[in-house]
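Asks: Would you mind keeping the following structure in view while I ask a few things?
The values are calculated or read from the model by the stated rules, or taken from the named source; none is laboratory data. In this text the structure is predicted, and so the values were computed from the model without any measurement. Every residue, glycine among them, receives a Cβ derived from its backbone with ideal geometry; neighbour counts consider all protein chains shown.
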Amino acid sequence: MPVIRAEDLKWCQAMARRFGLGVPAAAIMFVALAAACAGGSSGSSSSGWPWGADSVTPAEFAAELASASGADKPVVVCTAPPFLYRIGHIPGAVLHGPASSPDGLNSLTTWAQALPRSTNLVIYCGCCPLAACPNLAPAYKALKGLGFTRVRVLLLEDNFKTSWIDRGYPHER
C-alpha cells in the first residue's frame, strides 16, 4: 500500500473545511484517498509504465490547453474517484471514475466507443503520487486496446492539487 503523506491529510482537512464538512468528513476523505491509491501501480519508475513516451507534463499540457482549438483540442479524461473530481478538475474534463474499478473502466470504454480512434485523448488521475496510481495504467491500456492512436497520460507526479492547482494551472469545480 502506498504511503499517504501528512500533506495529503492536511489537503483532505483543508478541502473538508472549505466545504464546511468538519473533521469526520476529512477522515472519510483521507480513507477514500488511501483506498483509491491502494491498488498499487505498474511500477515506481517510468520504465514500468505502459505509456512510455505517451505522456505530457503539466506545463506542456497547460500551454496546449491554452492554445489548442478545433478538432485537435484535447479531450481530457479524469480517472480519479468522483469525490476528487467534484473538489476540482481540469476545465472540460469528463469523469468516468477510477479505472482500477470494473465500473470505472466499463464507463470509460463504453464512452470511448463512440469517439474517432484519432481523437487527441489526455488522461489524468491525481489521486495520489503518480508512482502509486492504480487508475492510469488500466485506462491507458484500455484506450490503446480499443485502437486509439493519440492517448497521453498527464504526469501529475505528486497529486492533482500539488502538481496542477498549486502551480496555477486552470481548474474548475
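Asks: Restricting attention to the stretch 100-128, which residues are in a loop (DSSP other than H, G, I, E, B) and over 14 Å from residue 152 (Cβ atoms)?
Replies: Restricting attention to the stretch 100-128, the residues satisfying the condition of being in a loop (DSSP other than H, G, I, E, B) are 100-101, 113-120, 125-128.
Hits for the stretch 100-128 are 100, 101, 113, 114, 115, 116, 117, 126, 127, 128.
Asks: So how many residues does the stretch 69-92 have that are surrounded by fewer than 19 Cβ atoms within 10 Å (Cβ to Cβ), of a type in the set (Gly, Ala, Ser) and within 25 Å of residue 141 (Cβ to Cβ)? Explain how you work it out, then say what you get.
Replies: Going residue by residue through the stretch 69-92, those that are surrounded by fewer than 19 Cβ atoms within 10 Å (Cβ to Cβ) are 69-73, 75, 82-83, 86, 88, 91-92.
Retained after the next criterion (residues that are of a type in the set (Gly, Ala, Ser)): 69-71, 88, 92.
Cutting the leftovers down to within 25 Å of residue 141 (Cβ to Cβ) gives us 92.
Adding up the residues that qualify gives 1.
Asks: Of all residues in the stretch 113-139, how many are at pLDDT below 95 and of a type in the set (A, V, I, L, M, F, W, C)?
Replies: 6
Asks: Go through (1) part of a helix (DSSP H, G or I); (2) at pLDDT 95 or above; (3) over 17 Å from the mean Cα position of the chain (by Cα); (4) not acidic (Asp, Glu) for residue 142 and report which single condition fails.
Replies: The one condition residue 142 does not meet is (3).
Asks: Next up: Could you say whether any residue in the stretch 151-167 is among the basic types (Lys, Arg), at pLDDT 95 or above and in a strand (DSSP E or B)?
Replies: Yes, some residue in the stretch 151-167 is among the basic types (Lys, Arg), at pLDDT 95 or above and in a strand (DSSP E or B).
Asks: Can you tell me how many residues in the stretch 100-137 are in contact (Cβ under 8 Å) with a residue 40 or more places away in the chain and either surrounded by fewer than 21 Cβ atoms within 10 Å (Cβ to Cβ) or in contact with a Lys or Arg (Cβ under 8 Å, 6 or more places away or on another chain) (or both)?
Replies: Adding up the residues that qualify gives 9.
Asks: Before we move on, is residue 97 closer than 23 Å to residue 170 by Cβ and without any contact (Cβ under 8 Å) to a residue 24 or more places away in the chain?
Replies: Details: closer than 23 Å to residue 170 by Cβ: yes; without any contact (Cβ under 8 Å) to a residue 24 or more places away in the chain: yes.
So residue 97 fits the description; yes.
Asks: Let me ask another. Within the group 39, 97, 92, 52, which residue is modelled with pLDDT under 60 and part of a loop (DSSP other than H, G, I, E, B)?
Replies: 39
Asks: Something else: Residues 135, 159: which one is under 16 Å from residue 96 (Cα atoms) and either touching a strand residue (DSSP E or B) at 6+ places or on another chain (Cβ under 8 Å) or among the polar types (S, T, N, Q) (or both)?
Replies: Details: 159 fails: under 16 Å from residue 96 (Cα atoms).
Being under 16 Å from residue 96 (Cα atoms) and either touching a strand residue (DSSP E or B) at 6+ places or on another chain (Cβ under 8 Å) or among the polar types (S, T, N, Q) (or both) holds for just one of 135, 159, which is 135.
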